[in-house]
Amino acid sequence: MPPSAITSLHPYTKGCEARTHPPVAWPRILDVVSSDPRAVLVPVADRPEADLAVLVLHGGSSDSFEPVARTSLAAARLIPVAWAIARGPERPAVYRLRNSVRGWNGDGRAVLDDARTAIETISRTSTRRPDRPIVLVGHSLGGRVAFRLAGPAGATAVIGAVGLAPWAVEQDPVDHLDGVPLAVVQGTADRTIPEPTTRPWLARAAAAGAELDETVIDGGDHTMLRGWRRWHTATTAGVSWVRHAAARTR
């Protein structure tokens with residue numbers, strides 16, 4: 001299956017610092033061969049001068065080929081997270097991806113292709129800073145995508161990832177993570193992906209050479225609504241940590 005095409009939209013920037021910047025025309029991506037244009041890349045804070053970019057990836061389900069609706073709660077809960085990152089100390093350019101399908105569906109091909117295409121799009125359209133690094137921030141299924149694409153396996157521009165209540169499966173690959181910083185934020189009240197279930201994969205990642213920074217939020221649940229300020233603070237801190245950890249290893 002070829003990579004999914006990504007339709008780009010103008011940013012929805014209510015309450016976001018990005019509204020002080022002039023709008024940028026984001027064209028429909030036509031040079032990706034695909035019959036599925038349902039993946040959407042949304043600039044949240046399009047800052048051409050920023051020396052860091054962040055791609056935010058939402059959650060989903062284990063198995064579903066249904067398209068991700070505009071009203072999807074899984075995608076919507078990442079909107080305030082993206083705003084928090086945009087307002088954070090790194091002042092990065094921030095983008096959100098809405099996947100073409102809801103599920104991982106066995107091998108994750110569709111959602112991984114969506115994210116790869118988004119990474120390529122961000123790099124290609126960063127004309128002022130074509131070599132700027134990218135940090136992936138993913139929730140749940142999005143965390144699984146972020147961990148899979150962090151470092152050389154994703155793109156040379158991706159320097160690391162932040163996983164929020166990540167779906168970390170013990171058998172998932174780790175060999176590509178040597179020297180790659182991964183920040184992990186989890187909650188003690190997560191019943192969807194309990195924190196202990198992620199430990200086997202995290203242990204394998206650490207053994208493969210990944211640099212880990214782990215935060216556990218007391219009472220935090222999978223939706224990231226309970227104690228949301230702590231989730232936002234930990235996320236922005238994770239982005240900063242990944243950036244500086246990656247710089248130390250270069």
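Each value in this text was obtained by applying a stated rule to the coordinates, not by laboratory testing. All values reported here derive from a predicted model rather than from experimental measurement. Here Cβ is always computed from backbone atoms with ideal geometry, including for glycine, and neighbour counts include all displayed protein chains.
Tally Lys/Arg at +1 and Asp/Glu at -1 over every other residue whose Cβ is under 11 Å from the Cβ of ARG129; what's the total? Present the calculation step by step, with values, prior to reporting the outcome.
Numbers: positive: ARG47, ARG128, ARG132; negative: GLU49, ASP51, ASP131.
Taking every other residue near ARG129 into account, the sum is 0.
Each Lys or Arg adds one and each Asp or Glu subtracts one; over the other residues with Cβ under 9 Å from the Cβ of GLN186, this totals -3.
Charge dipole of region 6-249 (Cα centre as origin; +1 on each Lys and Arg Cβ, -1 on each Asp and Glu Cβ, all else neutral): 820 debye, rounded to the nearest 20.
Among HIS58, HIS139, which comes first, then next, by fewest other beta-carbon atoms within 10 Å? Display every interim value, and only then the final one.
Working: HIS58 27, HIS139 30.
Arranged by neighbour count, lowest to highest, HIS58, HIS139 become HIS58, HIS139.
So, with +1 on the Cβ of K and R and -1 on the Cβ of D and E, and no other charges, what is the size of the charge dipole of region 151-250 about its Cα centre, to the nearest 20 debye?
Working: 9 positive and 11 negative charges, 70 e Å.
Using Cβ point charges on Lys, Arg, Asp and Glu, region 151-250 gives about 340 debye.
Calculated from the alpha-carbon coordinates, region 91-216 shows an Rg and a Dmax of 14.1, 44 Å respectively.
What is region 6-249 by shape, rounded, prolate or oblate, if you read a ≥ b ≥ c off the alpha carbon gyration tensor as root eigenvalues and call it rounded for a/c under 1.5, prolate for a/b larger than b/c, and oblate otherwise? Before the final figure, lay out each step's value.
Numbers: a/c = 1.31, a/b = 1.24, b/c = 1.06.
In terms of gyration-tensor shape, rounded.
Phi angles across region 201-210 convert, under the Karplus curve 6.51 cos²θ - 1.76 cosθ + 1.60 with θ = phi - 60°, into 3J(HN,Hα) values of 5, 4, 5, 5, 4, 4, 5, 7, x, 5 Hz, Gly and Pro given as x. A simple spin-label model places pseudo-atoms 7 Å from Cα toward Cβ; at THR188 and LEU225 they are separated by 2.2 nm. Report the chymotrypsin sites (Phe, Trp or Tyr not before Pro) located in region 31-115 that are in a DSSP loop and have at most 14 other Cβ atoms inside 10 Å of their Cβ, or state none. Taking region 31-115 and a limit of 14 other Cβ atoms within 10 Å, the loop chymotrypsin sites (Phe, Trp or Tyr not before Pro) found are PHE65. Provide the net charge surrounding ALA115, with neighbours chosen by a C-beta distance below 13 Å and charges set as Lys +1, Arg +1, Asp -1, Glu -1. That sum, taken over residues with Cβ under 13 Å, equals +3.
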